[in-house]
Amino acid sequence: MQASTLQDHPGRPSAPAQLLTFTEVCNLLKKSRSGIYKLMAADPTFPRPIKDGKARSARTFFVASEFAAWQQSKIEARDAA
């Protein structure tokens, strides 16, 4: 029997996604936590966070590649204007 690898499953990433903590996103954007929450409410294209559990106090993470793509789309929109 042959072992299944991640490469055998199309559509699945070959490596785990890098995650950014909420604090790291705050630092990258130079915004407070409330500023990030306002941005999330105002901009539907902002990446959706991942909660590490169901508890209200569970840590919140963002997928780094989604965050980078969001930043790049903002830069492209600025340059197109």
Residue list for the stretch 49-81, restricted to those being surrounded by 10 or more Cβ atoms within 10 Å (Cβ to Cβ) and of a type in the set (Gly, Ala, Ser): 58, 64, 65, 68, 69, 73, 77
Qualifying residue in the stretch 52-63 (condition: touching a helix residue (DSSP H, G or I) at 6+ places or on another chain (Cβ under 6 Å), in contact (Cβ under 8 Å) with a residue 12 or more places away in the chain and closer than 14 Å to residue 21 by Cβ): yes
Residue 48, sole failed condition from (1) touching a strand residue (DSSP E or B) at 6+ places or on another chain (Cβ under 9 Å); (2) part of a helix (DSSP H, G or I): (2)
Enumeration of residues in the stretch 27-36 that are closer than 22 Å to residue 77 by Cβ and either open to solvent by less than 90 Å² (accessible area, probe 1.4 Å) or under 14 Å from the mean Cα position of the chain (by Cα) (or both): 28, 29, 35, 36
Residue 15, sole failed condition from (1) open to solvent by less than 80 Å² (accessible area, probe 1.4 Å); (2) without any contact (Cβ under 8 Å) to a residue 40 or more places away in the chain; (3) not in a loop (DSSP other than H, G, I, E, B): (3)
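The values are calculated or read from the model by the stated rules, or taken from the named source; none is laboratory data. No experiment lies behind these values; they were computed from the predicted model shown. Cβ: placed from backbone, ideal geometry, glycine included. Neighbour counts: every protein chain shown. Surface accessibility is based on the protein's heavy atoms, side chains included, excluding ligands, DNA and RNA. Shrake-Rupley method; radii C 1.70, N 1.55, O 1.52, S 1.80 Å.
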